[in-house]
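Quick notes on the structure that follows.
The values are calculated or read from the model by the stated rules, or taken from the named source; none is laboratory data. On a predicted model such as this, the values are computed, not experimentally measured, just so you know. All Cβ positions, even for glycine, are placed from backbone atoms using ideal geometry, and neighbour counts span all protein chains on display.
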Protein chains: 2
Amino acid sequence: MKPDYDVIVVGAGLAGLTAARQLERSNLRVLVIEARDRVGGRNEEVTLGNDLTLEVGGQWIGANQEKMFALCREFDLKLIPTYNEGDNLLYINGKCKRMGSQRGAIPKLNPFVLLDLYRSIKKIDKLSAQIDLTNPWQHPRAREWDGHTLESWIRQNISTHQAREYFRVVAEAVFATEASDFSFLHFLFYLKSGQDLETLISVEKGAQEYRVAGGTQQISRCLAGSLQTPVLLDSPVTALHQTDEGVTVQTAAQTFTARKVVVSLPPTLAGRLHYDPPLPALRDQLTQRVPAGSVIKVMAIYKEPFWRQAGLTGQAASFEGPVKITFDNSPEDSSYGVLLGFLEGADGRQAAEWTVDQRQQQVLACFARYFGKEALSPLDYLEKDWMAEPYTRGCYGGHFSPGVWTAYGPYLRQPCGHIHWAGAETADIWNGYMEGAVRSGERAAGEISISLKQTKA
Amino acid sequence: MKPDYDVIVVGAGLAGLTAARQLERSNLRVLVIEARDRVGGRNEEVTLGNDLTLEVGGQWIGANQEKMFALCREFDLKLIPTYNEGDNLLYINGKCKRMGSQRGAIPKLNPFVLLDLYRSIKKIDKLSAQIDLTNPWQHPRAREWDGHTLESWIRQNISTHQAREYFRVVAEAVFATEASDFSFLHFLFYLKSGQDLETLISVEKGAQEYRVAGGTQQISRCLAGSLQTPVLLDSPVTALHQTDEGVTVQTAAQTFTARKVVVSLPPTLAGRLHYDPPLPALRDQLTQRVPAGSVIKVMAIYKEPFWRQAGLTGQAASFEGPVKITFDNSPEDSSYGVLLGFLEGADGRQAAEWTVDQRQQQVLACFARYFGKEALSPLDYLEKDWMAEPYTRGCYGGHFSPGVWTAYGPYLRQPCGHIHWAGAETADIWNGYMEGAVRSGERAAGEISISLKQTKA
């Protein structure tokens, strides 16, 4: 019996849509099935009453993320440089210290802390550079590095309190989880995957360099719009039944057949589908071990970006929560001022238990601490708890607990019968980022094209 | 509309059946729903062609596991002391060293190693004794201990190579995972939960003291048989829909309603059900972070327990895998000799990739290394990979990755609306053991009885 489709793609985020596009270009009949009522996954725009469009999901591209730049060019999406004029703030011991906003700016810390910090960063970049991104578990010291957390490394290798705290804030900012929660090997892999630590945390020539005018979700909408492939929304996939010939994909209402399937969900969600026959033991145990981070993205909207007049970029890094990282997220025409903050890791989890009012109050208090009392009186307040989203269950992405890369690494991308795996967490380059999602979609599509050609031959 | 039942219990292992019994005794109408075609969960008997019944799941009770002793008395199940006469073996550097088999026997290691080992055990027992089992995250040093792995602690606190290896083997034997894979706080909690390290690893007055004649699955069968409550087999629950009034429980074929539900599945499986409305963010993030261990239980059946004549207990602990831990599992009448071994942690994962023949060959080679060439010629060979079981997905139980207890501990037992949580992983006393499972069932049933009484009043 002829299957309904050559390939079914589960998930209409960047990974899934990219895979669909590439497969369609190979003249395959493709269907994309999406749980939500929209495409875009972890990219999402919200338009407020005043016609102001803000992004509650992943929003930045930068550095050498060439796939993302190419997509923006293709769809004629304008890039807006992240506002970066003036000084950044570093909030320590109840005080704001100004520092430059250029890449590699030196925070105003005491010389011992600085020395400690730079030695550590140099050491980490040196270790990180040795990782083979495709097989991080094969480094001679992989088991050692995978045997402890970033927190253990911090305690053993960094001696000053402030340099330790700096690293912990970096961990929260990059992974939305605590330094105690993930493997040191994963940390090294992730830095190399996104070039290096400086690139991951920078605006200038870094991962936060540009926003996309109108929002990054547009990329998924443009991708979906450019497809001949149908994208079925509102249809959570519940089960995948495999035979030698192909896969039957089940949603609550419908059943479809295909020769191959791409599952582009984050590991923790991919592991929840019902697979018949059951997935191999080690693939299942992998998805038990790559939990999603903990973040609530918050924004306060003001009449104008008042901090700019004070010579501030709107970027603060703080040793005290709950909001430890902020950015200026104002629209390009500065018709409003928008402060963006992240409640990450332990702060995010704690804040998840508060009411919206409590969160707003706490968030504004942080904004005021960094940028003055004007921050207490916004026109509007917006937030998104990605942990509470049933079809995401945490952002920015999945992190590898200690021991996981070395024990289960090979199962991350290895297809299971006719099922192939995509998603930002499966990328070797720019793992966890939009760029990685796109690359993973291309890889999965490539695997399938080769496999189907071999079947024909 | 009156619901079909007062309480539906998901899962017919010891936790679920105990909950059902207690709820039924409170005159509540109960239904138990089980995915498998049998009761007993991680307890399972297999009867070989020669009428020999062997246990491929959890099999021992001992120490102060009073609930388990009481159940065996109630159902008139005979206890068989684990064979413990003669010497145990310690296999190091290619050689077998004999040591006593009594509790606390001193391994024959060099005095520096012994000193290192005893200092470490003393230190750990001292730290462990400070843990509050109900709230391990509240210890003043909880965040510190939860911030690193047992492996990190080993490297920082144990200086001799052999003492380090000893601890790693203990970690594998107790958790079926590597010392690198779980939080040091979890280690401390778990030891205290089962009394102390010595109790967990001992036969004499320890967790491996007795077997149950005929097998521990009988306890679940007796429990199920003693219930008026129906136990619906072959019915994997897929979804739970909650309203203010109660819960609708869905299986592939049927739908039932109840005022309350007990989910007695291990965390990693509980997290895979579809919940509507979705579970709170932090409950979901918890179940993303308590993966199951990795173990294949193997047995070789011989004409007789030949190692006994050599004055050996059949118990070996080895620094070299793949089988690092063995026991004499012969039937009480010694009509056959049965060597039992465990492929745990990294060894278990590696062995999961082998064929049955490859595993048998590797296992017998280990048995021969410890007990002589006779071990190479068994009458029969039996194995069970618990990672591959779709309704278990790993044994012995779930472990807490670093950072999880301190961030998510409170959500382990906290009911979500009308849904209550049971299972060995939710126990404060004997967490991860049959005793813990029974206790968790009693606790969940108690919560529901109180809650339903309050609703009435």
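Within the range A:380-410, the residues that satisfy the criterion of being more than 7 Å from chain B (Cβ to nearest Cβ) and assigned to a loop (DSSP other than H, G, I, E, B) are A:W386, A:E389, A:Y391, A:T392, A:C395, A:Y396, A:G397, A:H399, A:F400.
A:S183 versus (1) of a type in the set (G, A, S); (2) closer than 30 Å to B:P390 by Cα; (3) not assigned by TED's automatic domain parsing to the domain that holds A:L133: which is the lone unmet condition? Unmet condition: (3).
If you go through the range B:412-452, how many residues are part of a helix (DSSP H, G or I) and in contact with a Ser or Thr (Cβ under 9 Å, 6 or more places away or on another chain)?
First, pick out the residues of the range B:412-452 that are part of a helix (DSSP H, G or I): B:424-426, B:434-452.
Next, from what is left, pick out any that are in contact with a Ser or Thr (Cβ under 9 Å, 6 or more places away or on another chain): B:424-426, B:434, B:436-445, B:448-449, B:452.
Residues in the range B:412-452 being part of a helix (DSSP H, G or I) and in contact with a Ser or Thr (Cβ under 9 Å, 6 or more places away or on another chain): 17 in total.
Residues checked against (1) out of contact with any strand residue (DSSP E or B) (no Cβ under 7 Å at 6 or more places or on another chain); (2) touching a residue at least 40 places away in the same chain (Cβ under 8 Å); (3) more than 14 Å from B:E442 (Cα to Cα); (4) surrounded by 24 or more Cβ atoms within 10 Å (Cβ to Cβ):
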position: B:D6; (1), (2), (3), (4): no, yes, yes, no
position: B:V10; (1), (2), (3), (4): no, yes, yes, yes
position: B:L14; (1), (2), (3), (4): yes, yes, no, yes
position: B:R21; (1), (2), (3), (4): yes, yes, no, no
position: B:S26; (1), (2), (3), (4): yes, yes, no, no
position: B:V30; (1), (2), (3), (4): no, yes, yes, yes
position: B:V39; (1), (2), (3), (4): no, yes, yes, yes
position: B:N43; (1), (2), (3), (4): yes, yes, yes, yes
position: B:V46; (1), (2), (3), (4): no, yes, yes, no
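Here B:Q65 meets each of (1) surrounded by 15 or more Cβ atoms within 10 Å (Cβ to Cβ); (2) without any contact (Cβ under 8 Å) to a residue 60 or more places away in the chain with one exception, condition (2). Among all residues of the range A:322-343, there is at least one that is part of a strand (DSSP E or B) and within 14 Å of chain B (Cβ to nearest Cβ).
Filtered by the rule that a residue be surrounded by fewer than 23 Cβ atoms within 10 Å (Cβ to Cβ), within 7 Å of chain B (Cβ to nearest Cβ) and either under 21 Å from A:A35 (Cα atoms) or under 17 Å from the mean Cα position of the chain (by Cα) (or both), the range A:270-304 gives a lone residue, A:R272.
Conditions (1) β-branched (V, I, T); (2) farther than 20 Å from A:V438 by Cβ, marked per residue:
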| position | (1), (2) |
| --- | --- |
| A:V169 | yes, yes |
| A:F182 | no, yes |
| A:L188 | no, yes |
| A:L200 | no, no |
| A:Q217 | no, no |
| A:L227 | no, no |
| A:P230 | no, yes |
| A:T238 | yes, yes |
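Is it the case that the range B:133-151 has a residue that's within 30 Å of B:F371 (Cα to Cα), in contact with a Ser or Thr (Cβ under 6 Å, 6 or more places away or on another chain) and not hydroxyl-bearing (S, T, Y)? Show your work before the answer.
Applying the first criterion (within 30 Å of B:F371 (Cα to Cα)) to the range B:133-151 yields none.
No, the range B:133-151 contains no residue that is within 30 Å of B:F371 (Cα to Cα), in contact with a Ser or Thr (Cβ under 6 Å, 6 or more places away or on another chain) and not hydroxyl-bearing (S, T, Y).
Applying the condition of being surrounded by fewer than 24 Cβ atoms within 10 Å (Cβ to Cβ) and closer than 21 Å to A:K260 by Cβ to the range A:413-438 and asking which residue is nearest to the other protein chains (Cβ to nearest Cβ) yields A:Q414.
Quickly run through the range A:132-155 and pick out the residues that are facing chain B (nearest Cβ under 9 Å), within 16 Å of A:A407 (Cα to Cα) and of a type outside the set (D, E). Selection gives A:R143, A:G147, A:H148, A:T149.
If I filter the range A:179-199 for residues that are aliphatic (A, V, I, L, M), within 14 Å of another protein chain (Cβ to nearest Cβ) and in contact (Cβ under 8 Å) with a residue 12 or more places away in the chain, do I get at least one hit? Within the range A:179-199, one or more residues are aliphatic (A, V, I, L, M), within 14 Å of another protein chain (Cβ to nearest Cβ) and in contact (Cβ under 8 Å) with a residue 12 or more places away in the chain. Only one of the listed residues (A:D125, A:D132) is in contact (Cβ under 8 Å) with a residue 24 or more places away in the chain and outside the structural domain of A:Y370 (by TED's automatic domain parsing). That residue is A:D125. Taken over the range B:403-457, the residue count meeting the criterion of being more than 22 Å from the chain's Cα centre (by Cα) and among the basic types (K, R) is 2.
To keep it simple, each residue is scored yes or no on (1) surrounded by fewer than 22 Cβ atoms within 10 Å (Cβ to Cβ); (2) out of contact with any His (no Cβ under 8 Å at 6 or more places or on another chain); (3) over 26 Å from B:P410 (Cβ atoms).
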residue	(1), (2), (3)
B:L115	yes, yes, yes
B:Y118	yes, yes, yes
B:W137	yes, yes, no
B:T160	yes, yes, yes
B:A163	no, yes, yes
B:F175	no, no, no
B:F187	no, yes, no
B:Q217	no, yes, yes
B:L223	no, yes, yes
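A residue that is surrounded by fewer than 20 Cβ atoms within 10 Å (Cβ to Cβ) and more than 24 Å from B:R211 (Cβ to Cβ) occurs somewhere in the range B:377-389. Across the range A:249-270, the number of residues qualifying as closer than 30 Å to B:D181 by Cα and out of contact with any Lys or Arg (no Cβ under 7 Å at 6 or more places or on another chain) comes to 7. Taking the numbered list (1) part of a loop (DSSP other than H, G, I, E, B); (2) away from every other protein chain (no Cβ under 12 Å); (3) under 22 Å from the mean Cα position of the chain (by Cα) in turn, A:A316 passes all entries but (1). Residues of the range B:251-269 being buried (at least 19 other Cβ atoms within 10 Å of the Cβ) and within 11 Å of another protein chain (Cβ to nearest Cβ), which ones? If the condition is that a residue be buried (at least 19 other Cβ atoms within 10 Å of the Cβ) and within 11 Å of another protein chain (Cβ to nearest Cβ), then B:P266, B:P267, B:T268, B:L269 are the ones that fit. The sole residue among B:V298, B:V263, B:V290 that is in contact (Cβ under 8 Å) with a residue 12 or more places away in the chain, under 24 Å from B:M434 (Cα atoms) and touching a Pro at 6+ places or on another chain (Cβ under 6 Å) is B:V290. Before we move on, is A:V174 in contact with a Leu (Cβ under 9 Å, 6 or more places away or on another chain) and within 27 Å of A:A351 (Cα to Cα)? Judged against the criteria, A:V174 is a match. Any residue at all in the range A:238-248 that is within 8 Å of chain B (Cβ to nearest Cβ), more than 15 Å from A:D4 (Cβ to Cβ), surrounded by fewer than 22 Cβ atoms within 10 Å (Cβ to Cβ) and in contact with a Lys or Arg (Cβ under 7 Å, 6 or more places away or on another chain)? Scanning the range A:238-248 turns up no residue that is within 8 Å of chain B (Cβ to nearest Cβ), more than 15 Å from A:D4 (Cβ to Cβ), surrounded by fewer than 22 Cβ atoms within 10 Å (Cβ to Cβ) and in contact with a Lys or Arg (Cβ under 7 Å, 6 or more places away or on another chain).
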